[in-house]
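Below you'll find the structure, written out as structure tokens, and then a few comments.
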Amino acid sequence: MEFLRSKKGQGANVPAPGTRVAGAAAEDRALAYLQQAGLALVQRNYRTAGRGGGEVDLIMREPDGTLVFVEVRSRGRATHGGAGASIGAVKRRRIVFAAQCFLLRWPAPPPCRFDAVLIDEGRLQWLRGAFEAC
């Protein structure tokens, strides 16, 4: 009965251990799917520093050189709009911020896009160009 466990002493945004395990499994599945589709892993779980920073679950590279910043979302049930509905404006802003920080390493950044891999009730869906940076 993990939902009854107190989160006292934990940060408000710290997921429960079961949630972390499920999230890592979803990222593993998304990574395998994208690699099978011909993308190469550049970095996993890229995080920026600070409280308002962001994270990119997977940074991939297309065969043509395009960098793909991937948000992976998984839901066991499709209630509340499913996995896609959980990528709100604040989450998108944080992903874009993290991507901008990541790109500071590049003297001439390649073309980029933001994708989402959604896993709803076990079904995987890859949304290319799920949102824009603006």
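Where a number appears in this text, it was derived from the coordinates with a stated rule and is not lab data. Quick caveat, the model's predicted, so the values are computed rather than measured. Because the Cβ atoms are built from the backbone with ideal geometry, glycine has one as well, and the counts that use them run over all protein chains shown.
Using θ = phi - 60° and the Karplus relation 6.51 cos²θ - 1.76 cosθ + 1.60, list the HN-Hα couplings for segment 118-134 in order, rounded to whole Hz, with x at every Gly or Pro.
10, 10, 10, 6, x, 8, 9, 9, 9, 9, 6, x, 4, 7, 9, 7, 7
Grab the Cα-Cα distance for Q125 and L41, subtract it from 0.36 nm times how many residues apart they are, and report the gain in nm with one decimal. Present the calculation step by step, with values, prior to reporting the outcome.
On the way: separation 84, 0.36 × 84 = 30.24 nm, distance 1.85 nm.
Full extension of this stretch gives 28.4 nm more.
Please report the net charge: other residues with Cβ closer than 10 Å to the Cβ of G52, K and R +1, D and E -1. Don't skip to the answer; put the middle values down first.
Numbers: positive: R51, R93, R94; negative: none.
Computed value for this residue: +3.
Report for segment 15-131 the percent antiparallel among DSSP-assigned beta bridges with both residues inside it, nearest 5. Please report the intermediate quantities before stating the final value.
Working: 16 of 25 bridges.
Around 65 percent of the beta bridges assigned by DSSP in segment 15-131 are antiparallel ones.
Going by C-beta contacts inside 10 Å, put S86, S74 in order with the fewest on the left. It would help to have the intermediate numbers written out before the result.
Values: S86 15, S74 22.
The most exposed by this proxy come first: S86, S74.
Taking K and R as +1 and D and E as -1, what net charge do the other residues with C-beta under 10 Å from the C-beta of A26 add up to?
Details: positive: R29, R73, R75; negative: E27, D28, D57.
Surrounding charge for A26 is 0.
Using the count of nearby Cβ atoms within 10 Å as a rough guide to exposure, how do T66, T48 rank from fewest to most? Can you show the working numbers first?
Details: T66 13, T48 16.
Fewest to most other Cβ atoms nearby, the residues stand as T66, T48.
I want to check the label-to-label distance for V21 and C134. Put each point 7 Å from Cα in the C-beta direction and report it in nm to one decimal.
Calculated label separation equals 4.5 nm.
First check a/c for segment 31-108, with a ≥ b ≥ c the square roots of the eigenvalues of its C-alpha gyration tensor; if it is under 1.5, answer rounded, and if not, answer prolate when a/b is larger than b/c or oblate otherwise. Walk me through the intermediate numbers first.
On the way: a/c = 2.44, a/b = 1.19, b/c = 2.04.
The shape class here is oblate.
Which net charge results when you count Lys and Arg as +1 and Asp and Glu as -1 among the other residues whose beta-carbon is under 15 Å from that of E62? Don't jump to the answer; show the numbers that get you there.
Numbers: positive: R61, R113, R128; negative: D64, D115.
Value of the local net charge: +1.
Give the relative contact order (percent, whole number) for segment 15-131; include only Cα pairs under 8 Å separated by 6+ residues. Don't skip to the end; give the middle numbers.
Values: 187 pairs, mean separation 28.0, N = 117.
24 percent.
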